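The values are calculated or read from the model by the stated rules, or taken from the named source; none is laboratory data. No experiment lies behind these values; they were computed from the predicted model shown. Every residue, glycine among them, receives a Cβ derived from its backbone with ideal geometry; neighbour counts consider all protein chains shown.
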Amino acid sequence: MKMSYNIVVVCVDTFRADMGGGGGGALSFVKTPNLDRLRRESLSFTRCFGEGEPTIPVRRCLFTGRRSFPWRFDTPNEGLWPAEAGWHPIPHEQDTLAERLADAGYLTGLVADTYHMFKPTMNFTRGFLTWELIRGQESDNWRQGTPDSVDLAAHTLEDDPSPADYPIILQYLLNMRGRQREEDWMTAQVFRQAATWVEENRRNGPFFLWVDSFSPHELWDPPGAYADAYCQAEAGVKDFIHHSVIGSTGENLTPAQIERTKALYFGFVTFVDRWIGHLLDAIDANGLREDTIVIFLSDHGTEVMDKGRFGKNSTRLYPYNTQLNWLVRHPEGPAGSSCDYWAQNQDLAPTILGLSGVEHEPLDGFDMWAAAGRGGGAVRDHVTTGWGNFACVRDEDFAVHMRVTGPDFADSARVYDLRTDPREEEDVAGDHREAIIQAVSRLESFAGPLPLTFRGYRQRARARSIRTYAPFRYGKK
């Protein structure tokens, strides 16, 4: 096997694993033609789950092959938001995937609009010889202005909202002023820049390019035609681009408003897919198809009223929140095949290192490409996901959701029998205490004795967040 393939990784935020025509999931009606094509050309890992969630812990694990959970590092927190557990830089003693590949002779590049990776005290550019941040996502404090320069009321329940009540939406709208065409959206900018990087470096291989798209994370704000394809905007129905304004349960919304809010997410997914296709086409146009491994993955999903809510949080570790996409297109690999081995994001780094022939010490994950090729059986019999104070242990039979802090942690456990209840609707903890005991044992095997006491737990740290700048800036009405 050729050992000097280029490697392009596309990582997207908040992208559910059950969407598109290739997955056969609950949201298979969501149009993702480019990813459907990529799936037909790839090996798909169909049971991949996040290890430590959300955004930053996931990427730290992806970049290092080391578990993020349990949260165990004391880290600086100046200028960081949100105050999530595990929301900190890559520890200095952990080598990154980009560093290892650069040492092996790869040209390494990062193109991203996931601004959390670039905040003060963060260090996710380690090992990348070139990197570019596309500014403006979410509450990225980029462009300035006054509230009357944007239409905040178009995205809130109130017709005369106080800017101080909506700092994230306000900052986002300030950042987005002046957009006129699809190419002005940050998603398009990310993939256009990535395509340019590929073109400029087509003769500089082997290269390793990481493309990180924050979309379709909130704010759910695609060009209008993409949302209209799923639900036409009705007169008087606003586009609630951030579900925080409507309450996570949508209790204040009419059915028409709920369907339009769903359509914003679905349309955003299709928009992201359109620009992933732009990058895939650029790889082909530059004659790199047979020289390049393409990997597509996501960090987590979200809920669109599956169980009566919008969004995600640490207490709802259901597959629509925690299952990840993972596709690998290899010039010499099997096309249109799938592997149902349990996989997690700590497996990405050892898999890429294996594909590139770079030797390394044992990491926390496995080379899943090699495991799938051997066909000798799964590398693990369960997966664990940590998020805030909560964790989920999932195997063939049960999913156990539980808090991992506090003296009564075991009493918080919810147990779902996946053999009869794959949608995880009925808690049967009272009938399956053995599943809880086994889940505790599996967590303690790597996290230590429960309950956990997290070092450097950011939710207990003194707040130094800049998220709340708006109330100080504009005052309350």
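Please work out if ASP239 is within 18 Å of the chain's Cα centre (by Cα) and either assigned by TED's automatic domain parsing to the domain that holds LEU62 or surrounded by 15 or more Cβ atoms within 10 Å (Cβ to Cβ) (or both).
In short, no.
Pull out all pairs, ordered by first then second residue, where Cβ-Cβ is under 9 Å, the residues are six or more apart or on different chains, the first lies in the stretch 423-441 and is at positive phi, and the second is at pLDDT below 95 and basic (Lys, Arg).
GLU424/LYS307
Has the stretch 347-355 got at least one residue that is in the same structural domain as LEU43 (by TED's automatic domain parsing) and in contact with a Cys (Cβ under 7 Å, 6 or more places away or on another chain)?
No, the conditions are met nowhere in the stretch 347-355.
Say we look at the stretch 164-175 and pick out the residues that are touching a Leu at 6+ places or on another chain (Cβ under 9 Å) and either at pLDDT 90 or above or not assigned by TED's automatic domain parsing to the domain that holds GLN257 (or both); which of these is surrounded by the most Cβ atoms within 10 Å (Cβ to Cβ)?
ILE169
Can you name every residue in the stretch 190-237 that is among the β-branched types (Val, Ile, Thr) and modelled with pLDDT under 95?
The answer is VAL237, and nothing else.
Can you tell me which residue within the stretch 254-280, out of those that are without any contact (Cβ under 8 Å) to a residue 40 or more places away in the chain and not β-branched (Val, Ile, Thr), is surrounded by the fewest Cβ atoms within 10 Å (Cβ to Cβ)?
Step by step, filter the stretch 254-280, then rank; the result is PRO255.
Residue check: is LEU219 in contact with a helix residue (DSSP H, G or I) (Cβ under 7 Å, 6 or more places away or on another chain), in a loop (DSSP other than H, G, I, E, B) and assigned by TED's automatic domain parsing to the domain that holds GLY105?
yes
Report whether or not LEU317 is hydrophobic (A, V, I, L, M, F, W, C) and buried (at least 23 other Cβ atoms within 10 Å of the Cβ).
Yes; evaluated as a whole, the condition is true for this residue.
For the stretch 2-44, enumerate the residues that are in a helix (DSSP H, G or I) and within 18 Å of the chain's Cα centre (by Cα).
LEU35
Being surrounded by fewer than 22 Cβ atoms within 10 Å (Cβ to Cβ) and assigned to a loop (DSSP other than H, G, I, E, B) is the filter here; which residues of the stretch 93-121 pass it?
Of everything in the stretch 93-121, those that are surrounded by fewer than 22 Cβ atoms within 10 Å (Cβ to Cβ) and assigned to a loop (DSSP other than H, G, I, E, B) turn out to be GLU93, GLN94, ASP95, ALA104, GLY105, LYS119, PRO120, THR121.
Could you tell me which residue of the stretch 80-92 is modelled with the lowest pLDDT, considering only residues that are buried (at least 22 other Cβ atoms within 10 Å of the Cβ) and of a type in the set (A, V, I, L, M)?
In this case the residue turns out to be LEU80.
Return yes when GLU51 is within 19 Å of ASP367 (Cβ to Cβ) and among the acidic types (Asp, Glu) and no when it is not.
Yes.
How many residues are of a type in the set (Gly, Ala, Ser), in contact with a helix residue (DSSP H, G or I) (Cβ under 7 Å, 6 or more places away or on another chain) and surrounded by 17 or more Cβ atoms within 10 Å (Cβ to Cβ) when one looks only at the stretch 320-348?
Residues that pass the stated criteria total 1.
Only one of (1) of a type in the set (A, V, I, L, M, F, W, C); (2) in contact with a strand residue (DSSP E or B) (Cβ under 6 Å, 6 or more places away or on another chain); (3) buried (at least 18 other Cβ atoms within 10 Å of the Cβ) fails for MET186. Which number is that?
(2)
When the stretch 190-214 is examined, which residues are found to be surrounded by 21 or more Cβ atoms within 10 Å (Cβ to Cβ) and either in contact with a His (Cβ under 9 Å, 6 or more places away or on another chain) or of a type in the set (Lys, Arg) (or both)?
PHE191, ALA194, ALA195, PHE214
Rundown of residues vs (1) within 19 Å of LEU133 (Cβ to Cβ); (2) small (Gly, Ala, Ser); (3) touching a Lys or Arg at 6+ places or on another chain (Cβ under 6 Å), yes/no style:
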residue	(1), (2), (3)
GLU182	no, no, no
ALA194	yes, yes, no
VAL198	yes, no, no
ILE246	no, no, no
THR254	no, no, no
LEU264	no, no, no
GLY277	no, yes, no
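Cβ-Cβ under 6 Å, sequence separation 6+ or interchain: first residue in the stretch 111-123 and at pLDDT 95 or above, partner among the charged types (D, E, K, R) and assigned to a helix (DSSP H, G or I). Which pairs?
none
Tell me, which residue of the stretch 287-335 that is touching a Gly at 6+ places or on another chain (Cβ under 7 Å) and aromatic (Phe, Trp, Tyr) is modelled with the highest pLDDT?
TYR320
Do we have ASP95 as modelled with pLDDT of 95 or more and farther than 28 Å from GLY277 by Cβ here?
Yes, satisfied.
If we keep just the residues of the stretch 45-79 that are of a type outside the set (Ser, Thr, Tyr), part of a loop (DSSP other than H, G, I, E, B) and crowded, with 24+ Cβ neighbours inside 10 Å, which is modelled with the lowest pLDDT?
Ranking the candidates gives TRP71 first.
Kindly indicate the residue of the stretch 437-452 that is over 28 Å from the mean Cα position of the chain (by Cα) and within 18 Å of PRO407 (Cβ to Cβ) and also surrounded by the fewest Cβ atoms within 10 Å (Cβ to Cβ) among those meeting that condition.
PRO449
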